[in-house]
Amino acid sequence: MRKIFVVLTLFTAFVLALAACGGAAPAPSGETVTVKETVVVTVEVPVAGSPAAPAVVAPAGYGVTLETVKARGNLICGVNSQVPGFGYVDADGNFAGIDVDYCRALAAAIFGDASKVEFRPVTAAERFTALQSGEIDILSRNTTWSLVRDTELGGNFVHTTFYDGQGMMVPADSGLTTLEDLEGGTICVQTGTTTELNLSDVMASLGVSYTPAVFEDADATFAAYAEGRCDAVTTDKSGLVSRRSVLPDPSAHVIMDVTMSKEPLGPMVRHGDDQWFDIAQWTVFAMFAGEEFDITSANVDDVKANATAPEVRRLLGLEGDLGLKLGLTNDFAYNIIKLVGNYEEVYNRNLGPDTPTYIPRGLNSLYTEGGLLYAPPFR
Amino acid sequence: MSRDEQQKTTIPFWRDERILRFLGQIVFVLFVLFVGALIYQNMKAGLAKQGITLSYSFFNGVSGFDIAETAFPYDRNSTYWQAFLVGLANTLSVGVVGIVFATILGVILGVARLSTNFIINRLAAFYLELIRNLSLLVFLIFWYLGVFLKLPRVKEAIIWPGDIILTNRGVGIPWGIPTASFPTFRLILIFGLILAVIVFFALRAYGQRTGRAPLTLLWSILTFILVGLLGWIILPEKPLTLDLPLVKGLNLSGGKILSPEFMALTSGLVLYTAAFIGEVVRAGIQSVSKGQVEASRALGLNAFQTLRLVVFPQALRVIIPPLTSQYLNLVKNSSLAIAVGYPDVFYVSNTIQNQTGRAVEMISLVMVTYLAISLFTSLLMNWYNQRIKLVER
């Protein structure tokens, strides 16, 4: 008997020790930091005659994410799986949507292969924890940029990929047209979202009393709305359009002509790795620039063969070494456009007129067409 | 060296079993502490790397979100701490309502399961087998989406006799609204309660002295009701006015409105837990040997007296410990409220965690909260168990 006890104790101790090591394992970056100390990188500037660039001191954590992703061989992207047009699992079981395509573009920029990405569906509630803990490399899940999220949640927002505003959907036969009509009513909303807070803000400033019915995920929220649990449902307007397309009778629901908030939606990365932030940021800009210069996945090879404009040549990696500066290959933007497409292509594929989730481009047009999409110069 | 000398020599401490055992315990405790500290350090280092520190100071911040069901005044200007308390109050109300109804239904089911009436017996058996083999989460979602949200919309509300309104916005029941004389009435009720306790002890003493078996509990409850009724009639103004629920605008108003979330959660938990309590009660009753029943019948006790005076007191000893775990299960299972959108403590904490990003703080607080509720429940039940356990001489 005693022998068994000793063996059991040893075994337990062994398992616990393993668990302790396992606990330390998810922070490999921490180990790297201690080994790395300070790396001094001298950059040779290819332009003849210019003085040598000053030594760049890389802060701790710099470049860790790209190294991890490359070593793993794929990108892990936290996405939505319940909002058609943004992040959704289609009838064939593939992920689709504008946020999903962004992940593919990032994989194309890093690996030259848009399929080297693993999509991990995260709920609104768990998304920030998943990003903080390193479970996902980047969060691309229609997430609203706000100050608290940018600071306290330990993340940085990459440039906005979709400008949105919060809306309100009601059954068409209800006769409700303004927020004031909802006095005393019940409103369905999803927990853990900025929407939940905006609703409270807007209704308080209008002096309208209401009862919230709050649910854990989008499916539950809209299922309850479809059953008539609430008089109205609120989320980002894009979300309303896309969810309406999967309601039992889409034509029986109208979206009120009110915009309750600003909702800039974009990808988010962890604090502490500026190189990774830059890569994520310039992937967005490469897609904007592709549209601006009329480079599509169909004509990119032609453009590359015949390009004369210097900025197009720099964008496609024919001139200069913009890609290398990001720690990628020089043709990263070419890969993005070739394998995934420019912003317009991605938009039309997911939210264009031919899709059930059609949303007019509005603010999400190029600055030349009255929108807000504006890529800084590629130089 | 002779045999005698060998036995006299003291055993060195590294072979002394008592010391070794003691040392083993110390080493084990140290090991556990070490592992705990390692995990804590790892967590702190991980958080520090992302510039996040542990602190509960955010609790005083303005929450900024609304909660549908609040036991006390709460709005978007209240603090996170108040939001947490609202959730806690909701959890407790589901727990108390759930335990009361699950116990009543469970005892009925347990007795029915042993009934000699074939139909009652089979029906109870079918119910117990069916419910005990379902997943609770599935069961709750069935009650929410399949039953309470399938009730008619507000405009086509079903009205049951007794002014009970059934809609998919909630179930409205008539409810009393306190008037000016309510405080006096409350005093009368307290007086009635004291009187009932006196009657209870007096009757028990009488029973022990004479050897008769008066219906102690029944009489004391009747006393309480009688005093209450008298107070109700004597007071010039009625202490409560009846408020009937009615459909007003988009929603129900007046009376007491029980939301579909609350109804789905409590009915799901009650019907589920009652099935387990039914089995516990059946096992308890069957644990009393048949000879006891036969002996009491031989003494001339009727069936009810046999059950009340002989079987139940003995069965309780077997019933209480597993019943305690069922109560604990019910309270802990109430955290599944998140699936049907009822704002219990876990659900509200989740919302706070989302809005503030304070995952570690909120999860640890919720864990401590459930631990405290469970320990308190067990404490009460253990105390009761001590009271009724077999006194062995």
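The values are calculated or read from the model by the stated rules, or taken from the named source; none is laboratory data. What you are looking at is a predicted structure, and each value in this text was computed from that prediction instead of being measured. Virtual Cβ from ideal backbone geometry, glycine too; neighbours counted across all protein chains shown. Just the protein is used for accessible areas: all its heavy atoms, side chains included, with ligands, DNA and RNA removed. Shrake-Rupley method; radii C 1.70, N 1.55, O 1.52, S 1.80 Å.
Filtering segment B:81-128 to residues that are in contact with a Lys or Arg (Cβ under 7 Å, 6 or more places away or on another chain) and assigned to a helix (DSSP H, G or I) leaves B:110, B:113, B:121, B:124, B:125, B:128. Of the helices (runs of 4 or more DSSP H) that lie entirely inside segment A:76-195, those containing 2 or more residues that are within 14 Å of chain B (Cβ to nearest Cβ) span A:127-132, A:147-151. Taken over segment A:223-272, the criterion of being among the polar types (S, T, N, Q) and either assigned to a helix (DSSP H, G or I) or in contact with a helix residue (DSSP H, G or I) (Cβ under 8 Å, 6 or more places away or on another chain) (or both) is satisfied by A:234, A:235, A:238, A:242, A:251, A:259, A:261. In the set B:156, B:129, only one residue is closer than 30 Å to residue B:337 by Cα, at pLDDT below 85 and open to solvent by 90 Å² or more (accessible area, probe 1.4 Å); that residue is B:156.
Quickly run through segment A:223-238 and pick out the residues that are open to solvent by less than 10 Å² (accessible area, probe 1.4 Å) and within 9 Å of another protein chain (Cβ to nearest Cβ). Correct list: A:224, A:228, A:230. Could you list, in sequence order, the residues of segment A:196-219 that are among the hydrophobic types (A, V, I, L, M, F, W, C) and either in contact (Cβ under 8 Å) with a residue 12 or more places away in the chain or more than 10 Å from every other protein chain (Cβ to nearest Cβ) (or both)? Residues satisfying the conditions are A:199, A:202, A:203, A:206, A:208, A:213, A:214, A:215, A:218.
Of the residues B:369, B:351, only one is part of a helix (DSSP H, G or I), under 30 Å from residue A:131 (Cα atoms) and in contact with a strand residue (DSSP E or B) (Cβ under 8 Å, 6 or more places away or on another chain); which? Answer to the selection: B:351. A single entry from A:314, A:349 fulfils the requirement of being under 21 Å from the mean Cα position of the chain (by Cα) and either crowded, with 21+ Cβ neighbours inside 10 Å or outside the structural domain of residue A:236 (by TED's automatic domain parsing) (or both): A:349. Mind checking whether some residue in segment B:354-376 is under 30 Å from residue B:168 (Cβ atoms) and open to solvent by 20 Å² or more (accessible area, probe 1.4 Å)? Scanning segment B:354-376 turns up at least one residue that is under 30 Å from residue B:168 (Cβ atoms) and open to solvent by 20 Å² or more (accessible area, probe 1.4 Å). Within segment A:129-156, which residues are of a type in the set (A, V, I, L, M, F, W, C) and open to solvent by less than 10 Å² (accessible area, probe 1.4 Å)? Selection gives A:130, A:131, A:136, A:138, A:139, A:153.
Among the residues of segment A:205-222, just one is modelled with pLDDT under 90, assigned to a helix (DSSP H, G or I) and open to solvent by 40 Å² or more (accessible area, probe 1.4 Å), namely A:219. Within segment B:179-191, the set of residues being open to solvent by less than 80 Å² (accessible area, probe 1.4 Å) and under 28 Å from the mean Cα position of the chain (by Cα) comprises just one member, B:189. Taking the numbered list (1) open to solvent by 30 Å² or more (accessible area, probe 1.4 Å); (2) in contact (Cβ under 8 Å) with a residue 24 or more places away in the chain; (3) aliphatic (A, V, I, L, M) in turn, residue A:366 passes all entries but (1). Residue pairs whose Cβ atoms lie under 6 Å apart, sitting 6 or more positions apart in sequence or on different chains, and linking a residue in segment B:36-47 that is at negative phi to a partner that is in a helix (DSSP H, G or I), are B:38/A:20; B:39/A:23; B:42/A:23; B:42/A:24.
In the set B:198, B:225, B:233, only one residue is in a helix (DSSP H, G or I), farther than 30 Å from residue B:135 by Cα and under 26 Å from the mean Cα position of the chain (by Cα); that residue is B:225. Every condition in (1) more than 30 Å from residue A:179 (Cα to Cα); (2) open to solvent by less than 30 Å² (accessible area, probe 1.4 Å); (3) away from every other protein chain (no Cβ under 14 Å) holds for residue B:255 except the one numbered (1). Of the residues making up segment B:1-56, those that are at pLDDT 80 or above, open to solvent by 80 Å² or more (accessible area, probe 1.4 Å) and polar (S, T, N, Q) are B:25, B:41. For segment B:295-314, the condition of being on the phi > 0 side of the Ramachandran plot and either surrounded by fewer than 17 Cβ atoms within 10 Å (Cβ to Cβ) or of a type outside the set (Val, Ile, Thr) (or both) holds for at least one residue. Collect the residues in segment B:236-262 that are small (Gly, Ala, Ser) and in a loop (DSSP other than H, G, I, E, B), keeping them in residue-number order. B:249, B:254, B:255, B:259 - these are the residues of segment B:236-262 that are small (Gly, Ala, Ser) and in a loop (DSSP other than H, G, I, E, B).
Residue by residue, here is whether (1) buried (at least 19 other Cβ atoms within 10 Å of the Cβ); (2) farther than 30 Å from residue B:389 by Cβ holds:
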{"site": "B:227", "(1), (2)": "yes, yes"}
{"site": "B:234", "(1), (2)": "no, yes"}
{"site": "B:248", "(1), (2)": "no, yes"}
{"site": "B:259", "(1), (2)": "yes, yes"}
{"site": "B:265", "(1), (2)": "yes, yes"}
{"site": "B:274", "(1), (2)": "yes, no"}
{"site": "B:284", "(1), (2)": "yes, no"}
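Listed by first and then second residue, the pairs linking a residue in segment A:279-304 that is of a type in the set (Phe, Trp, Tyr) to a residue that is part of a helix (DSSP H, G or I) and open to solvent by 10 Å² or more (accessible area, probe 1.4 Å), with Cβ atoms under 6 Å apart and 6 or more places separating them unless they lie on different chains, are A:293/A:312.
When B:203, B:140, B:136 are checked against the criterion of being within 14 Å of another protein chain (Cβ to nearest Cβ), modelled with pLDDT of 85 or more and open to solvent by less than 70 Å² (accessible area, probe 1.4 Å), a single residue qualifies: B:140. Checking the stated criteria, residue B:268 turns out to be more than 12 Å from chain A (Cβ to nearest Cβ), within 26 Å of the chain's Cα centre (by Cα) and more than 30 Å from residue A:208 (Cβ to Cβ).
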